[in-house]
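As structure tokens, the structure follows; a few thoughts come after it.
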Amino acid sequence: MSTLADVPADRSALGAFLRSRRDRLTPAQAGIDAFPGPRRVPGLRKEELAMLAGLSTDHYSRLEQGRQHTVTDDVVEALGRALRLDDLEQAHLRDLAAPTRRRTTPWEAAQRPDPGLLRLMTSFDHVPVLLLGRRSEVLATNRLLQAVLGAEVAPGAVFLRWLFLDERARTRIRNWPHFAAAAVGSMRYELGRHPDDPRLRALVDELRAADADVARWWDDHGVTDRTSVDKQIDHPVAGRLDFGIEAVQLPHDPEQRLVVYTVEPHSPTARALAVLGSWEESAVVR
């Protein structure tokens, strides 16, 4: 399997994303009659998508083949409409089509948790919370998160490594496939925004090589933002715990997000968390 490190940060990602979205959209779904002739796949042909987007077939072919170095905003918008992309997919397409200059962020610099988000964490001591930075690096957690996950995801750890490489994550998270697939989509979205981050590209390669599920979901080219996902935990003592995962980001530092495990008030999960919290406090006192 080729790795991302083998592929230059050029137009290859743009072409692969366009092909994946074209393959999933049939002519009927696109609102057109299929062009005549035999079809090898049910998705749109290049000629059909080019027509829908108002492009020549040659122009569109150059985009898929990575030979079109300049992609205008009008073309991005037209492709998004033709492919029926949602808002997040459209944003991802825009990132992939952006000029391959830019990006002077010092990726190797140590990440420091935002003081405002740390203060906000103290308001959520009744639910699990963690602060994530670039590449899903854990910047801070509270004790309740450790109690719920049953794992030491201390600051400096990479949350995605625990999610995919620790077998306990698959048994602890009841809806692991749903949650993990969303995590892969979020990782792809982040790489689209920061294609020149070598450590992020290396992490993707590592996880794709280590886990067949990651490789399969990655090849689907789906993108997610993980701002709102459900997570179901099988806790060995507290039983089933149901959470809504909400992510909070600050405008001045979108690379950090506060991940809050929300619960319905007075629900069985809320009551179980109160008990788990008291156990954690007792353990600290002892």
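Among residues belonging to segment 74-100 that are open to solvent by 70 Å² or more (accessible area, probe 1.4 Å) and closer than 15 Å to S12 by Cα, point out the one that is modelled with the lowest pLDDT. Write out each step before concluding.
Here is the first cut: in segment 74-100, the residues open to solvent by 70 Å² or more (accessible area, probe 1.4 Å) are 74, 77, 81, 84, 86-87, 94, 100.
Going one step further and asking which of them are closer than 15 Å to S12 by Cα, we end up with 94, 100.
Values: R94: 91, T100: 56.
Applying the filter and picking the extreme gives T100.
The residues of segment 219-250 that are assigned to a strand (DSSP E or B) and open to solvent by 60 Å² or more (accessible area, probe 1.4 Å), listed by number, are S228, D230, R240, D242, E246, Q249.
Quick check on this structure: which one of R174, R135, R143 is among the basic types (K, R), surrounded by 19 or more Cβ atoms within 10 Å (Cβ to Cβ) and touching a residue at least 40 places away in the same chain (Cβ under 8 Å)? Talk me through it step by step, then tell me what you get.
Details: R174 fails: surrounded by 19 or more Cβ atoms within 10 Å (Cβ to Cβ); R143 fails: surrounded by 19 or more Cβ atoms within 10 Å (Cβ to Cβ).
The match here is R135.
Filtering segment 191-203 to residues that are closer than 15 Å to F17 by Cβ and open to solvent by less than 30 Å² (accessible area, probe 1.4 Å) leaves L191, G192, P195. Against the condition in a loop (DSSP other than H, G, I, E, B), at pLDDT 90 or above, of a type in the set (A, V, I, L, M) and open to solvent by 20 Å² or more (accessible area, probe 1.4 Å), how does L55 come out, does it pass? In short, yes. Residues in segment 46-75 that are touching a Lys or Arg at 6+ places or on another chain (Cβ under 9 Å) and farther than 28 Å from R193 by Cα: 1 in all. Only helices (runs of 4 or more DSSP H) whose full extent lies in segment 141-218 are considered here, and the ones with at least 2 residues that are aromatic (F, W, Y) are 159-165, 176-193.
Among the residues of segment 18-61, write down those that are acidic (D, E) and under 24 Å from A97 (Cβ atoms).
From segment 18-61, those acidic (D, E) are 23, 33, 47-48, 58; that's our starting set.
Those that are acidic (D, E) and under 24 Å from A97 (Cβ atoms): D23, E47, E48, D58.
Among residues of segment 258-280 being part of a strand (DSSP E or B) and open to solvent by less than 30 Å² (accessible area, probe 1.4 Å), the one that is nearest to G239 (Cα to Cα) is Y261.
Among all residue pairs at least 6 apart or on different chains, which show Cβ distances below 9 Å where the first residue, located in segment 34-48, is at pLDDT below 80 and the second is part of a loop (DSSP other than H, G, I, E, B) and surrounded by 14 or more Cβ atoms within 10 Å (Cβ to Cβ)? Cβ pairs passing all conditions: none.
The values are calculated or read from the model by the stated rules, or taken from the named source; none is laboratory data. Since the model is a prediction, treat every value here as computed from it, not as a measurement. Glycine also receives a Cβ, built like all others from the backbone with ideal geometry; neighbour counts cover every protein chain displayed. What goes into the accessible areas is simple: the full protein's heavy atoms, side chains included, and nothing from ligands, DNA or RNA. Shrake-Rupley method; radii C 1.70, N 1.55, O 1.52, S 1.80 Å.
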